[in-house]
1. Compute the acute angle (0 to 90°) between the alpha-carbon long axis of helix 565-575 and the principal axis of greatest extent of the alpha-carbon atoms of the chain; round to the nearest 10°.
2. Using the 10 angstrom Cβ neighbour count as an exposure proxy, how do Phe106, Phe367 rank, fewest first?
3. Can you list residues from other chains, or at least 5 along the same chain, whose modelled amide H is less than 5 Å from the amide H of Ser396?
4. Given the chain, report the % of alpha carbon pairs whose separation exceeds 47 Å.
5. Show me the ranking of peptides 147-158, 187-198 by mean Cβ neighbours inside 10 Å, starting with the highest.
6. Determine, from the Cβ-Cβ distance of Lys465 and Thr355 and an R0 of 51 Å, the FRET efficiency 1/(1 + (r/R0)^6), rounded to the nearest 0.05.
7. Hey, with R₀ at 35 Å, roughly what FRET efficiency would Leu198 and His120 work out to, going by the Cβ-Cβ distance, to 0.05?
8. List, in order, the whole-Hz ³J(HN,Hα) value for each residue of the stretch 452-463 obtained from phi through the Karplus relation with A = 6.51, B = -1.76, C = 1.60 and θ = phi - 60°; use x for Gly and Pro.
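Where a number appears in this text, it was derived from the coordinates with a stated rule and is not lab data. Model, not experiment: these values are computed from the prediction. Cβ coordinates were reconstructed from backbone atoms using ideal geometry, including for glycine residues, and neighbour counts include every protein chain displayed.
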Amino acid sequence: MRLKDFSLLRNILDSAHNGILMVDATGKVVIFNRAAGRVTGRDPQVVLGRNFGEFEPEVWADMQRILATGQPQVGHRTSSLSGVLIFANRTPVYLDGKVVGVMSVFQDATEYEKVLRELHAYRQLNEQLDVIIDSSYDGLWISDAEGKVVRVNPASERFSGVNAKEVIGCNVSDLVDAGYFDRSATLEVLKHRAAVSLIQKSKDGRQVLVTGNPVFDENGEISLVVINARDLTAMKRLQEELEHSRALTDQYRSELTHIHRWEELRSRLVMRSRAMQRVFEMAMKVARVDSCVLLQGESGVGKGVFAKLIHGASPRVDGPLVRVDCGGIPPSLIEAELFGYARGAFTGARSEGKTGYFELADGGTLFLDEVGELPLLMQTKLLRFLEDNEVVPVGSTTPRQIDVRILAATNRDLEKMVKAGAFRSDLFFRLNVVPINIPPLRQRPEDLPHLVGHFLGMFNQKCGKEMKVAPAVVDRLRRYSFPGNVRELANLIEHLVVLSPGGTIDMEDLPAELRQSQVDLPPEPSEDAWNLAGAVARTERELIARALTEYGSQRSAANALGVNHSTLSRKARRYGLFVAELQRGAK
């Protein structure tokens, strides 16, 4: 080889990135390029011409095996004496069919592993991008600078009705012509070189909101167009489902609130009779609507209590409850009290005017107690309000719109008053939309013992006492007619708690008129009195009370009645019967 050619070959080998080493059959280094020196940290001028075994005895041992066998080593991993880890491909060099040397092409393993790590990172990033694109709920279309589709995710296939294999590689203008959609955001982005949003209609009639964004390269040219698509039809359906779910949630919340409020209001009442339970259930039903309610019943049965319950269970609970005693306002003032009056309406009026009860109850409930006492003129004005929901204050000509619910109560027979001309028939019909008749106390004797216990606890707390009531007293009260109903009973228990000298209210503590036999009347029969279970319980209680009074002990009374002592003891506790109290009450 000429010197010039050898110099050219050396320059070529020195330009290679990988290290190149060649030894002859004796181990002398024939070629050792610049990259080999960089990788191994040895000066090529020092290495060339010397025996390679002096520098790398282990590597030279591997090469000797190649010289002997002629078998190459591919991808061999080893380390040099300088501690550098390298990958090498070693092959035998033949001349006239004989192995005359070994060629080794190698590189620093650190660089190789760095390249592998970068390649793995790129592959992992690509997999993540694939997962993100394919998992997106929104449709994604990616096109190149010519408008050719390069990627379509599954969401787009789902709501646009296309197969990705059909459209990838196609130009979006051809897809528009083929009717896949009526217009293309990709073409608009390429035309305007800016983001574009529009509504497309797919071939199956769905409306799709699409937004296209251009991706620019380092030269400022569009390289990709990314389209984000969302199915408006599905969004509308989801919105309807969400609104339906919210409506159901509000309904359930309202029902739970109503049930909790119903239970809370029920706990305020003391009632065991079926008649009162039916009245309560009817009141709770009508409380949820704005219909007029006419509460009827004798004085003292609790019409005002039920008016409060209805207001408390109604949607107007946060509004005011204004009670008007129609029988307690002078006829000359009732119009001004109900509807208010304007400034300077009449002599003696307040200079600033006055707000009437109707306006005070705006947004809430107006309870007209003893509505049967209203004069006929006021009945006419009340009827006008019920028809128009407007009031005109005295001295004013400007009507005011009022949002108020009317509850009315009376202890009079309005139907007889209508026939007698004392009450307007049209007003009666407007008030009597939902009539609720509260039975008197004498028709529900089952409630009396519980009412006695309720009022006893209330007035004991009020007066700081711990009074008890003898069973004989309760029995006597059960047989009293109570013309004043619950109000009379409450006043009586308060009187007894305050004035009874001992710790137990006995028969001698009762007022004289209650102790006299002529007032010891049987209770009027009621619908509940025909209840077989109730009748049996009343009879059982009476027999046990008589036996305990006569025999003086539970064991003797149990023998007389023919029952076990434990059975009699349990039943006596249930009915609140105690021997000492029964005997004291019998004296």
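1. The helix 565-575 is inclined about 80 degrees to the chain.
2. On the way: Phe106 24, Phe367 27.
Starting with the residue having the fewest Cβ neighbours, the order is Phe106, Phe367.
3. Answer set, sorted by chain and number: Ala342.
4. Working: 103346 of 171991 pairs.
The proportion of pairs with Cα distances above 47 Å equals 60 percent.
5. Numbers: 147-158: 18.2, 187-198: 15.2.
Result, highest mean first: 147-158, 187-198.
6. Values: r = 44 Å, r/R0 = 0.86.
After rounding, the FRET efficiency stands at 0.70.
7. Values: r = 41 Å, r/R0 = 1.17.
For Leu198 and His120, the calculated efficiency is 0.30.
8. With coefficients 6.51, -1.76 and 1.60, one gets 4, x, 5, 5, 5, x, 5, 7, 4, 5, 5, 9 Hz.
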